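So the structure is just underneath, and the comments pick up after that.
The values are calculated or read from the model by the stated rules, or taken from the named source; none is laboratory data. Quick caveat, the model's predicted, so the values are computed rather than measured. In this analysis, Cβ positions are derived from the backbone assuming ideal geometry, glycine residues included, and neighbour counts consider all displayed protein chains. In case anyone asks, the SASA skips ligands and DNA or RNA and just uses the protein heavy atoms, side chains included. Shrake-Rupley method; radii C 1.70, N 1.55, O 1.52, S 1.80 Å.
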Amino acid sequence: MATRIILSNLNTQQKKAVKSIDSPLLILAGAGSGKTRVITHKYAYLLSSSKLKPSDILTVTFTNKAAGEMKERICRMVHCDMDKNWIGTFHSQCNKILKREIHRLGYKNDFIIYDNHDACNLIKHILKELKIYEALYKGVASRISALKSSLLTADEFVASDDSFGFDEKLARVYMMYQYEMKRCNAIDFDDLIMLTVRLFNEYPEVLSKYQRTFKYVLVDEFQDTNPAQYALLKCLVSRMKKFCAVGDDDQSIYRFRGADVGNMASLEKDFPGLNVIKLEQNYRNTQHILNVSNSIISKNPVRKEKKLWTARTDGDKVSHYWFGTELEEAKYIAKIIKEMYLKGKHTYKDMAIFYRVNMQSRAIEDALKSERIPYRIVGGMSFYQKKEIKDVLAYLRLCINPHDNVSLRRVINYPSRGIGIATLNKIETEAKKCNKSLYDTIREICSTKSVSASVLDKLNGFTNKIGNIDVNEFPYAADLLKIIIEKAGLLNKLEDERVQDIYELVSSADNVPVAEFLDRISLITNLDDQNQLNAVSLMTLHAAKGLEFPIVFILGIEEGILPYFKAEDNPEEMYEERRLLYVGITRAKDMLYLTGSARRRLYSRIQSQVPSRFISEIPSEYCRMISKCKSNGMQRKVIPALRKVAIPASYKTGCRVRHPKWGVGVIRDCYGEGDDQKVMVNFPEIGIKRLALKFAHLERI
């Protein structure tokens, strides 16, 4: 395609960004400024003007959905073979590299990828083995993920950790977790990045090969990169220094996942010749919506200023409604949605409802059901997280890799074949003693007949289902799945809906090679929601990133919810709460409703609420303020129940305390108020205990 055609229909700044290809480039792309358009046109421009091939350009983004849409747009623009392109997520790109190179790190190239559910199951098993409170598994998984995002290995964490109590146990869990993963020839999502960086650092010749392969690097959503992802990019572009990073610091909202908005400042420091181009014309929002979003985000003190503007001067003012209760709020929103739908101008899928935390969805779901309005929860349980699907996939992975202990634990007694906990515990003990996988241990037990005849029959029955399937006979995943489902009896006694789910899984695997199918489903996340039903979309503000709707409702904009109460004493988190609301507001193309209520059920109790501080920052000329509350609930006041809980100064997270019975421990969490104040204390010899302060007789030491 001629460069003249590629550059047509772009504004001045967009053309400038597309044509800048000879030096490091940072594109500051404001909300709705057409960043995806710029990336796709830049890709086409590189192919046309620099005579690069698709295999020469590494393009990374954060979701499979975004990567797929980008690929489709590029294919429509250029007429060349795109089969060997490198367009995908960070994780999928690293997976491609590791499938070729990971043997250098002591893994086999046919490794499997554990999703978050699989990783948590393994962590729960390790916690149980170490006699650590199993309910902590989510927190432990989050901490391990954070360590990997910072490129801190288990060995390095152990070497650097001289802390007391829980972190010592975390180090042991991390070590065992990595050991078990490697023994199963498995890695998790964070390993995909960390191991690739390690590969590049330890094998310069491998890094040099990929530096020569990728003659240009394009990075979407750069503000969401974590330290590991940034280190990966630095490795790849350090030789040629030809790259383009596209991002917006005002839309950095994934700090809790390890994203570091400071990477944008680091980019300017690490690449002194960095060219910075701003995209400030907004094509999505009306002027009123843009004015409201600007009035809120401009209060963040540390940001790269962008003066967004739009030619869309039409449209209604933004509306802020204040209700007496959350039920009134929900009913009113449902009523407006029904009226808009009945007028015929908008369909249900044109409308979306955002909230800060998932617990807020209950009231609005009830109201939508009452009005018989169809809705869908975005970011909820994905198809591949359903139990019946996880069971089938566990069998599939086990057939390919019998040493996958996590999958074996899941299906050894599913469908039920009478292999109980006592038998499994014996297998676990023998496996640990002999340093073998559970599958090999079972085979050895069966060969030595060291169990009763009845148990022997059951174990033989299980291993035969796995061992008698020769995966090499089935080039396509669908055929292998059909055999597995039949031999394992996975359709027996399942409800029709679950059976249909399994049929859908098999259908999706038709004509797809087994290894490719496993890679594809392993790299799917909840962010890749492709559902296009004609239904109102419900989601958290975090899940709204990257989406847009003609009509948006953001409910529960109250102190303690948005901003969230845990951000109260942390300026960085408060800045992110402001960015979170900004992202939500800029998803609305035509109409925006902001709501809140004076009374709301939170954490099993009715609490008094006041409007968020962010609402007071919106000038009245941009937003209609309407109170539906009988009492004047619009005044600002402090609500103790939603502020950070006032624990006595002597009892704070991290301090050491002595208990008369359990000895010395460390406070890990504080919550509650007044006489109901409680603390969670980790006692090294006992574990985690939740204690009421008025009864605990704790002494600060």
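Filter segment 276-286 for residues that are outside any loop (DSSP other than H, G, I, E, B) and open to solvent by less than 50 Å² (accessible area, probe 1.4 Å); which is farthest from I585 (Cα to Cα)? So that I can check it myself, show each step before the final result.
As a first pass, look at segment 276-286 and keep what is outside any loop (DSSP other than H, G, I, E, B): 276-279, 281-282.
Next, only the ones that are open to solvent by less than 50 Å² (accessible area, probe 1.4 Å) stay: 277, 279, 281-282.
Details: I277: 24, L279: 19, Q281: 17, N282: 13 Å.
Among those residues, the one meeting the criterion is I277.
Quick one: in segment 103-132, which of the residues that are among the β-branched types (V, I, T) and within 12 Å of S522 (Cβ to Cβ) is farthest from the chain's Cα centre (by Cα)? Break it down into steps so the answer makes sense when it comes.
Taking segment 103-132 as the starting set, the residues that turn out to be among the β-branched types (V, I, T) are 112-113, 123, 126, 132.
Cutting the leftovers down to within 12 Å of S522 (Cβ to Cβ) gives us 112-113.
Numbers: I112: 20, I113: 16 Å.
Going through the qualifying residues, I end up with I112.
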Tabulated pairs, segment 490-501, first of a type outside the set (D, E, K, R), second assigned to a loop (DSSP other than H, G, I, E, B), C-beta under 8 angstrom, 6+ apart or interchain | L490/P415; N492/P415; V499/L491
Just wondering, is there one or more residues in segment 23-45 that are open to solvent by less than 10 Å² (accessible area, probe 1.4 Å) and charged (D, E, K, R)?
-> yes
Looking only at segment 100-124, count how many residues are free of Cβ contacts under 8 Å to residues at least 12 places away in the same chain and outside any loop (DSSP other than H, G, I, E, B).
-> 2
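Go over the candidates L580, L602 one by one and state the one that is on the phi < 0 side of the Ramachandran plot, open to solvent by less than 10 Å² (accessible area, probe 1.4 Å) and modelled with pLDDT of 95 or more.
Working: L602 fails: modelled with pLDDT of 95 or more.
The unique qualifying residue is L580.
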Result of the Cβ filter at 6 Å on segment 239-261, keeping first residues that are under 30 Å from S50 (Cβ atoms) and partners that are among the β-branched types (V, I, T) and part of a loop (DSSP other than H, G, I, E, B), at least 6 apart or interchain, is D249/V261
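Return yes when I132 is of a type outside the set (D, E, K, R) and assigned to a loop (DSSP other than H, G, I, E, B) and no when it is not.
Numbers: of a type outside the set (D, E, K, R): yes; assigned to a loop (DSSP other than H, G, I, E, B): yes.
Criteria met by I132.
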Conditions (1) closer than 15 Å to L592 by Cα; (2) without any contact (Cβ under 8 Å) to a residue 12 or more places away in the chain: number failed by H346 | (2)
Out of curiosity, is Q211 outside any loop (DSSP other than H, G, I, E, B), of a type outside the set (A, V, I, L, M, F, W, C) and either over 22 Å from R100 (Cβ atoms) or touching a residue at least 60 places away in the same chain (Cβ under 8 Å) (or both)?
-> no
If we keep just the residues of segment 288-333 that are of a type in the set (A, V, I, L, M, F, W, C) and in a helix (DSSP H, G or I), which is most open to solvent (accessible area, probe 1.4 Å)?
-> L327
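So that you can scan it fast, the table gives a plain yes or no per residue for (1) farther than 21 Å from I27 by Cβ; (2) of a type in the set (S, T, N, Q):
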{"site": "S48", "(1), (2)": "no, yes"}
{"site": "K51", "(1), (2)": "yes, no"}
{"site": "I57", "(1), (2)": "no, no"}
{"site": "K84", "(1), (2)": "yes, no"}
{"site": "F90", "(1), (2)": "no, no"}
{"site": "N95", "(1), (2)": "yes, yes"}
{"site": "R100", "(1), (2)": "yes, no"}
{"site": "F111", "(1), (2)": "yes, no"}
{"site": "I126", "(1), (2)": "yes, no"}
Looking at (1) of a type outside the set (V, I, T); (2) at pLDDT 75 or above; (3) open to solvent by 40 Å² or more (accessible area, probe 1.4 Å); (4) closer than 30 Å to Q607 by Cα, find the lone condition where W662 falls short.
-> (4)
List the pairs whose first member sits in segment 457-474 and is farther than 11 Å from Y439 by Cβ, whose second member is among the β-branched types (V, I, T) and outside any helix (DSSP H, G or I), and whose Cβ atoms are under 7 Å apart, counting only residues at least 6 apart or on separate chains?
-> K458/I419
Segment 141-162, residues that are in contact with a helix residue (DSSP H, G or I) (Cβ under 8 Å, 6 or more places away or on another chain) and assigned to a helix (DSSP H, G or I) = A141, R143, I144, S145, L147, K148, S149, A154, D155, F157, V158
Any idea which of S616, S631 is part of a helix (DSSP H, G or I) and either modelled with pLDDT of 75 or more or more than 27 Å from I132 (Cα to Cα) (or both)?
-> S616
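Per-residue answers, yes or no, for (1) over 25 Å from I667 (Cβ atoms); (2) modelled with pLDDT of 95 or more; (3) open to solvent by 10 Å² or more (accessible area, probe 1.4 Å):
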position	(1), (2), (3)
D162	no, no, yes
L170	no, no, no
Y203	yes, yes, yes
V217	yes, yes, no
Scanning segment 244-258 residue by residue, those closer than 18 Å to R579 by Cβ and buried (at least 23 other Cβ atoms within 10 Å of the Cβ) turn out to be V246, G247, D248, D250, S252, I253
Just give me the residues in segment 96-112 being crowded, with 20+ Cβ neighbours inside 10 Å and either of a type in the set (D, E) or at pLDDT 95 or above (or both), in sequence order.
-> I97, L98, I102
